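A quick write-up on the structure given underneath.
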Amino acid sequence: MERVRLVHGNGGRFSHELTERFILKYFTNDLLAPLHDGAQFPVTEGRMAFSTDSYVVQPAFFPGGNIGKLAVCGTVNDLAMNGAIPQYLSCGLILEEGLAFNELDEILHTMSDMAKAANVQIVTGDTKVVKKGEVDKIYINTAGIGMIPEGIDIGPHRVKPGMDVILSGAIGDHSIAVMGQRFGLDLSDSLKTDCAPLNNMVHAVLDKVGPQVALLRDPTRGGLGTVLKEIADQSQVGIKVDEAAIPVHAEVQSVCDILGYDPLYLANEGKVVLVVDPSVTDEVLSILRGFEEGKEAVLIGKTLDKNIGKVGLQTAIGGVRLIDLLGEDQVPRIC
């Protein structure tokens with residue numbers, strides 16, 4: 001079996017062979033084709049969003065995806081949370097000596113598929129190879145650029161008391177899928193990562209009711225609980241959510257019950273939290289439910305003009321539980 005060698009990162013003939021054999025096989029486009037020290041592209045007037053993220057998930061392959069899927073979807077989604085239309089990505093690869101070529105090929109193939117699904121281009125990048133044991137197979141960094149359409153203003157400053165809080169679907173699938181693969185647990189075949197590019201769904205909402213959307217957040221590391229607490233702190237509002245309204249798939253809840261995990265703090269890679277004016281809540285839910293990624297979208301709560309900076313969870317037994325930021329990691333290295 002062919003594997004990555006240290007010489008594949010030395011910038012010479014073997015580096016060129018790796019680039020041509022694997023990277024250009026999947027990422028070829030007019031902006032990348034010159035293979036210059038960076039990409040050059042035209043920009044239009046308006047506001048630009050820029051985001052970057054690094055991916056070190058372990059294991060690199062898990063039910064429903066791999067690190068390459070995360071690397072594209074994660075940065076695409078971060079741009080979408082800014083209200084931007086993602087356009088261009090960079091891709092930095094750090095490869096472990098000994099990584100099998102077939103694994104590298106599968107990861108890059110997945111990245112290409114996800115870039116096409118999100119309608120973005122990977123236009124520049126870099127590859128380094130380190131000694132065996134210095135990284136865990138492969139780490140990836142992606143950075144992305146997108147343009148924010150006129151009339152879209154997304155941010156904590158827009159959140160006011162009396163707004164509705166919407167969640168696009170069930171929480172916890174990604175963390176449990178990764179954790180199950182990592183520890184060899186015999187979980188249901190239906191339990192897969194929720195990782196997906198959300199930009200098309202998000203912009204379907206913004207195209208219809210953009211001015212009435214105050215905030216978009218993807219509840220990745222730290223989970224839904226942490227994101228809600230951050231919104232309350234940054235926007236200086238209180239938030240009350242209904243525990244019974246928050247969807248959790250039965251397979252996820254079962255694992256949480258056995259291992260003592262709290263679904264509110266499990267990471268997601270294909271969900272969005274929207275804070276919107278109540279006048280458009282029904283329309284937003286209808287739009288979200290028209291997409292596979294949003295078919296389980298629900299209204300989960302409301303922002304308040306009291307209990308500033310606090311999040312209260314109305315429990316099934318009638319009490320109210322205060323939600324804080326995630327402390328210790330329940331499932332580390334999930335992205």
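The values are calculated or read from the model by the stated rules, or taken from the named source; none is laboratory data. Predicted model, so just to flag it, every value in this text is computed and none were measured. Neighbour counts run over all protein chains shown; Cβ positions are idealised from the backbone, glycine included. Side chains included, ligands, DNA and RNA excluded: accessible areas come from the protein's heavy atoms. Shrake-Rupley method; radii C 1.70, N 1.55, O 1.52, S 1.80 Å.
Just to confirm a number: summing +1 for Lys and Arg and -1 for Asp and Glu over residues other than Leu95 whose beta-carbon lies under 9 angstrom from that of Leu95, what do you get? Please list the in-between numbers first.
Numbers: positive: Lys128, Lys137; negative: Glu96, Glu97.
Once all neighbours under 9 Å are counted, the net charge is 0.
At 1.4 Å probe size, with the rest of the protein present, what percent of the exposed accessible area of the chain is carbon and sulfur atoms? Let's see the in-between values first.
Numbers: 7530 of 15100 Å².
Reported share for carbon and sulfur atoms: 50 percent.
Provide the per-residue ³J(HN,Hα) series for region 98-108, in order, calculated from phi with Karplus coefficients 6.51, -1.76, 1.60 and θ = phi - 60°, each as a whole number of Hz, with x at glycine and proline positions.
x, 4, 5, 4, 5, 5, 4, 4, 5, 5, 5
First check a/c for the chain, with a ≥ b ≥ c the square roots of the eigenvalues of its C-alpha gyration tensor; if it is under 1.5, answer rounded, and if not, answer prolate when a/b is larger than b/c or oblate otherwise. Present the calculation step by step, with values, prior to reporting the outcome.
Details: a/c = 2.35, a/b = 1.45, b/c = 1.62.
Oblate.
Amide H neighbours of Val272 under 5 Å, counting only residues 5+ apart in sequence or on other chains, H built in-plane at 1.01 Å?
Amide H neighbours of Val272: Ser168, Gly169.
Solvent-accessible area per residue for the chain at a 1.4 Å probe radius, Å²?
Values: 15100 Å² over 335 residues.
With all protein chains present, the chain gives 45 Å² per residue.
Shape of region 172-280 from its Cα gyration tensor (a ≥ b ≥ c, root eigenvalues): rounded if a/c is under 1.5, otherwise prolate when a/b > b/c, or oblate? Mind dumping the intermediate values first?
Values: a/c = 2.48, a/b = 1.69, b/c = 1.47.
It comes out prolate by the Cα gyration axes.
Quick one: order Phe62, Phe41, Phe183 from most to least accessible surface, probe 1.4 Å.
On the way: Phe62 15, Phe41 60, Phe183 130 Å².
These residues rank, largest area first, as Phe183, Phe41, Phe62.
Output wanted: per-residue J couplings in Hz (rounded whole) for region 81-95, from phi through Karplus 6.51 cos²θ - 1.76 cosθ + 1.60, θ = phi - 60°, x for Gly and Pro.
5, 8, x, 8, 8, x, 10, 10, 10, 9, 9, x, 10, 10, 9
State which entries of Lys192/Lys302; Lys229/Lys306; Lys25/Lys271; Lys69/Lys137; Lys208/Lys306; Lys137/Lys271 exceed 20 angstrom in Cα-Cα distance in the structure shown. Write out the running numbers ahead of the final one.
Numbers: Lys192/Lys302 30 Å; Lys229/Lys306 14 Å; Lys25/Lys271 31 Å; Lys69/Lys137 16 Å; Lys208/Lys306 31 Å; Lys137/Lys271 27 Å.
Cα-Cα > 20 Å for Lys192/Lys302; Lys25/Lys271; Lys208/Lys306; Lys137/Lys271; rest within.
For region 1-110, what class follows from the C-alpha gyration tensor (a ≥ b ≥ c being the square roots of its eigenvalues): rounded when a/c is under 1.5, otherwise prolate if a/b is larger than b/c, else oblate? Each step should come with its number before you reach the end.
Details: a/c = 2.48, a/b = 1.38, b/c = 1.80.
Because a/c hits 1.5 or more and a/b fails to exceed b/c, region 1-110 counts as oblate.
Sorted by average packing, counted as other Cβ atoms within 10 angstrom per residue and highest first, what order do 99-110, 227-238, 4-15 take? Spell out each step's value before the answer.
Numbers: 99-110: 17.9, 227-238: 20.4, 4-15: 15.9.
The densest-packed peptide leads the list: 227-238, 99-110, 4-15.
Across region 268-273, in residue order, what do the Karplus-derived ³J(HN,Hα) couplings come to in whole Hz, using 6.51 cos²θ - 1.76 cosθ + 1.60 with θ = phi - 60° and x for Gly and Pro?
Result, rounded to whole Hz: 10, 10, x, 10, 9, 9.
Could you calculate the FRET efficiency of Glu45 with Asp136 from 1/(1 + (r/R0)^6), where r is the beta carbon distance between them and R0 is 41 Å, rounded to 0.05?
On the way: r = 43 Å, r/R0 = 1.06.
After rounding to 0.05, the efficiency reads 0.40.
Note the angle between two axes, namely the Cα long axis of helix 173-183 and the longest principal axis of the Cα atoms of the chain, as a number of degrees from 0 to 90, rounded to the nearest 10.
50 degrees
Go ahead and estimate [θ] at 222 nm for the chain from helices alone: -39,500 (n - 2.57) per DSSP H run with n ≥ 4, summed, over the residue count, rounded to 500. Don't skip to the end; give the middle numbers.
On the way: 9 runs with 97 residues, N = 335.
So the helix-based figure for the chain works out to -8500 deg cm²/dmol.
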